[in-house]
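Everything on this sheet refers to the single structure shown next.
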Amino acid sequence: MNHRILARPALALLLATTAPAAFAQSAEAITIKEAPSSAITETRTQIERIKTLDDAGPMLNAVIAYNPDAAAVAVTQTEKPLGGRTVLVKDNVETAEWPTTAGSLALADNATGRDAPIIALLRARGGVVLGKTNLSEWANIRSNNSTSGWSGVGGLTRNPYAIDRNSCGSSSGSGAAIAAGFAWAAIGTETNGSITCPASINGLVGFKPSVGIVSRTHVVPISSTQDTAGPMTKTVADAAMLLTAIAGPDSADPVTLEAKRVADYSAGLDTATLKGVRIGVLRGAVGDRPDVKALFETALADLTRAGAVLVDVEYEAPGELWEASLPVLMFELRVEMDKYLSTRPGTAGPRSLADVVAFNKEHAAEEMRWFNQDLFEQALTTTDADAYAKNLATLRRLTRAEGIDKLLADNKVTFLVAPTQGPAWSTDLVNGDNFNGRIGAGYLAAIAGYPHITVPMGGVEGLPIGFSIMGGQWQDHEVLKAGAVYEKARTAKLPAPTFERWKPAGE
């Protein structure tokens, strides 16, 4: 069953929306390369693809809601920096014209009538909000046994490369939608892997910025220290363009006032070089799959031909990191969710995390058929502020000063690289996710709040694999430029979506 909610025409609303005064950077001050002249045609084509591949056919369930009048909006934006390019938005980010559900039936009527600051900026700079994408419900923080890509509102998102395979999460719909050609780009959000994993598994570029580069206001939260929105696109250049459009300070989100940004993240991508640049190779994050190892070695050879100097870097996360990580998320989840829910416009719906837990119990048949809410319940009892402060200090030390910062400094390298994730696993609603263990090290950048890009690296049996590049805090532009160099140097053949069930190569 497709749970789509079609948008009513909202042209006047979309045209009236402007960026908030809290953002200092003006749309006019940003110069982005020339926009396509066929914005209307492209938007119409994208809507037809949604109708054909999401509403019908393989029924990807990637899009929850869309604006059928988006082409009319696109034509009014062609003179602005983004030139009427279409963007799909993960449904935990508020947009004025649709409810923001986080995939939960508890928020099915969460129509706040407001844009998150990043959406206001996107519109002001010429982007067209085409619709909202499905996600792992509550951004995959409800249960330890969840199935990525499933939500009570949107159902199960299917992977365009193999519709019986998982699309990873929590930005599952954003990843599947762009892989399927439903929009120019999507906005995802990440706490720990929720942009980079679905980007990798859906054959996309995904960029998780340093925490603070973009605002988190009016985004359904998990963590005050790890949450960020970011671009999911077909190319590194597109990711840089979208990041440029949505980046900016927000007085309601203090960490954004500390960020070190550049005016245009697209600048210098075409001429970037890695000649003589030392890059740390996280061998311990490659895993034990021979096929992934072979792809990774090809990517390293590509970097070497591009002039990079590769340095093997040894790293294994200490047990203390994992012991501190979940308690920090549980404490922040309760605090941040209560803050968000209690300050929503109107009086209907849950006003606290406890209210959500009660709602799920009352609607267990719809919400908890496939997995429970053990993490939500754990968060309600994680209230020790002193323990939280101690655990947070531990995480910051282990992922920053004794983590990425130390690895970069001790090995005299500028970036760290590893495979992003293994190939997509078969979706199993009964037993939950089946992640490929020990592949990837994105948790380091996620917990530290540092930049991380994944760029398509090739495929395993027709299933995409991504290549991760991580850097130090505020080194977002440098990481994007490194991603662009690798993208240009890549020699591996990339797989294409089949929109069918997976089958072994050659069959």
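Coordinate-derived values only; no laboratory data. Only a predicted model underlies this, so the values are computations on that prediction, with no experimental measurement involved. Heads up, the Cβs are rebuilt from the backbone with ideal geometry, glycines too, and the neighbour counts pull from every protein chain shown.
Along the range 250-266, what does the Karplus equation 6.51 cos²θ - 1.76 cosθ + 1.60 (θ = phi - 60°) give for ³J(HN,Hα), rounded to whole Hz, x for Gly and Pro?
With the stated coefficients, the range 250-266 comes to 9, 4, 7, 10, x, 4, 6, 7, 9, 5, 10, 10, 10, 5, 9, 6, 7 Hz.
Rounded to whole Å and sorted largest first, list the principal axis extents of the Cα atoms in the range 102-230.
38, 30, 28
To the nearest 20 debye, what is the magnitude of the charge dipole of the chain about its Cα centre, counting +1 on the Cβ of each Lys and Arg and -1 on the Cβ of each Asp and Glu?
Approximately 920 debye in magnitude.
Work out how far the C-alpha atoms of the range 271-428 reach from end to end along every principal axis, then list the three figures in whole Å, largest first.
Principal axes ranked by extent give 59, 40, 35 Å for the Cα atoms.
Could you pull out every whole DSSP H run in the chain that spans at least 24 Å of Cα extent along its own axis and averages -0.5 or higher on the Kyte-Doolittle scale? Working shown, then result.
Values: long enough: 319-342 (36 Å, 0.17).
Taking the DSSP H segments of the chain (at least 24 Å long, mean hydropathy at least -0.5), we get 319-342.
Can you list the equivalent-ellipsoid semi-axes of the range 203-247, largest first and in whole Å, using the square root of 5 times each Cα gyration tensor eigenvalue?
Working: eigenvalues 81, 24, 14 Å².
So the equivalent ellipsoid measures 20, 11, 8 Å along its semi-axes.
Please give, to one decimal in nm, the separation of the simple spin-label points placed at V75 and T304, each 7 Å out from Cα toward the Cβ.
5.5
For the pairs K260/K481; K293/K493; K90/K481; K51/K132; K275/K412, note any where the Cα-Cα span goes beyond 20 Å.
K90/K481
Over the Cα atoms, compute the radius of gyration (one decimal) and Dmax (the largest Cα-Cα distance, rounded to a whole number) for the range 350-409, in Å.
Expressed in Å, the Cα Rg and Dmax of the range 350-409 come to 17.7, 53.
With a 10 Å Cβ neighbour count serving as the proxy for reagent exposure, in which order, fewest first, do D227, D288 appear?
Ranked by crowding around the Cβ, least crowded first: D288, D227.
Out of the DSSP beta bridges found with both residues in the chain, what percent are antiparallel (nearest 5)? Working shown, then result.
Details: 31 of 47 bridges.
Expressed as a percentage, antiparallel bridges in the chain total about 65.
What percent of all Cα-Cα pairs in the range 128-178 falls in each 10 Å bin, counting up from 0?
Over the range 128-178, the share of Cα pairs per 10 Å bin runs 30, 53, 16, 1 percent.
Any idea what log10 I(q)/I(0) is at q = 0.11, 0.15, 0.24 Å⁻¹ for the range 383-463, Debye with uniform C-alpha scatterers and no solvent?
Rounded to two decimals, the profile gives -0.46, -0.75, -1.13.
Over the range 359-507, with a single point scatterer placed on each C-alpha, what log10 of the ratio I(q)/I(0) does the Debye formula yield at q = 0.17, 0.19 1/Å?
With one equal scatterer per Cα and no solvent, log10 I(q)/I(0) is -1.10, -1.15.
Out of A301, P254, N202, whose Cα points farthest toward the positive end of the dipole of the chain (charges: +1 Lys, Arg; -1 Asp, Glu; placed on Cβ)?
Value: A301.
How high is the FRET efficiency between A108 and N144 when r is their beta carbon distance and R₀ equals 30 Å, given to the nearest 0.05? Intermediate values should be presented prior to the final figure.
Values: r = 25 Å, r/R0 = 0.82.
Computed FRET efficiency for A108 and N144: 0.75.
Evaluated at 37 °C with a viscosity of 0.692 mPa s, what Stokes-Einstein diffusion coefficient in µm²/s does the range 249-360 have when Rh comes from the Kirkwood expression over alpha-carbon pairs?
This corresponds to a translational diffusion coefficient of 168 µm²/s.
Please report, to one decimal in angstroms, the Kirkwood hydrodynamic radius of the chain built from all distinct Cα-Cα pairs.
22.4
In µm²/s, what is D for the range 43-185 at 4 °C and 1.567 mPa s, where D = kT/(6 pi eta Rh) by Stokes-Einstein and Rh is the Kirkwood radius from Cα pairs?
86
Give me the one-decimal nm value for the distance between modelled label points at S426 and E362, 7 Å along each residue's Cα-to-Cβ direction.
3.9
Please report, for the Cα atoms of the range 104-159, the Rg to one decimal and the Dmax as a whole number; what are they, in angstrom?
In order Rg, Dmax, the Cα atoms of the range 104-159 give 13.9, 40 Å.
Sequence neighbours fewer than 8 away in the same chain don't count; with that in mind, list the aspartates and glutamates whose C-alpha is under 14 Å from K80.
Cα-Cα hits under 14 Å: E28, E34.
Go ahead and estimate [θ] at 222 nm for the chain from helices alone: -39,500 (n - 2.57) per DSSP H run with n ≥ 4, summed, over the residue count, rounded to 500. It would help to have the intermediate numbers written out before the result.
Details: 16 runs with 158 residues, N = 507.
Helices in the chain give a 222 nm mean residue ellipticity of -9000 deg cm²/dmol.
If packing is taken as the mean number of other Cβ atoms within 10 Å per residue, what is the order of 214-225, 436-447, highest first?
Taking the mean over residues of other Cβ atoms within 10 Å, the ranking is 214-225, 436-447.
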